[in-house]
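For reference, the structure discussed in these notes is given below.
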Amino acid sequence: MSHFGENLKRVREDRNISQRELAFKARLGASTIEKYENNEQIPDTQTILKLSTVLDIPASELLEREEVNHHPSGIDSEIEQLIKEIGPKRTKLILRKAKEFSEEDFLRVMQMLYEVKYE
């Protein structure tokens, strides 16, 4: 768990999100994010899940010891697998529509997909 803070900071910076912005989106205090990144405090499971959702990254990647190795082509191996499973045409259609969404729209769509699948 000691790598959580380093991973959180790296992912946050990769996404060009300030500590304050991440804190706002995750409904946490900015000082809490700072403590996590400095390994002064360890979040509970619910908070880790909340942060992973906001950062759009699997929680497991925030908890990993080392940075995930990316495919030489620059495409994450999980994304490559999903493209194979969904098919290139459907993937392109989904991504074209998704890039038009605001953050709020995207979260609403994700909630609707969850409800369709699990309720």
Set Ile57, Ile75, Ile79: member being modelled with pLDDT of 85 or more and on the phi < 0 side of the Ramachandran plot: Ile57
Members of region 3-18 found to be of a type outside the set (Asp, Glu) and under 15 Å from the mean Cα position of the chain (by Cα), listed by number: Phe4, Gly5, Asn7, Leu8, Lys9, Arg10, Val11, Arg12, Arg15, Asn16, Ile17, Ser18
Helices (runs of 4 or more DSSP H) enclosed by region 6-63 - at least 2 residues per element that are among the hydroxyl-bearing types (Ser, Thr, Tyr): 30-37, 45-55
Criterion violated by Tyr114 - all others in (1) modelled with pLDDT under 85; (2) within 16 Å of Gly5 (Cα to Cα); (3) open to solvent by 60 Å² or more (accessible area, probe 1.4 Å) satisfied: (2)
Pairs with Cβ under 7 Å, 6+ apart, first in region 40-58 and among the basic types (Lys, Arg), second surrounded by 13 or more Cβ atoms within 10 Å (Cβ to Cβ): Lys50/Ala26
Sole exception among (1) open to solvent by 90 Å² or more (accessible area, probe 1.4 Å); (2) more than 23 Å from Tyr114 (Cβ to Cβ) for Phe24, by number: (2)
Subset of region 90-106 that is in a helix (DSSP H, G or I) and of a type in the set (Asp, Glu) - its residue that is most open to solvent (accessible area, probe 1.4 Å): Glu104
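The values are calculated or read from the model by the stated rules, or taken from the named source; none is laboratory data. A quick note: this is a predicted structure, and the numbers were derived from the prediction, not measured. Here Cβ is always computed from backbone atoms with ideal geometry, including for glycine, and neighbour counts include all displayed protein chains. Accessible surface is based on the protein model in full, side chains and every heavy atom, while ligands, DNA and RNA are left aside. Shrake-Rupley method; radii C 1.70, N 1.55, O 1.52, S 1.80 Å.
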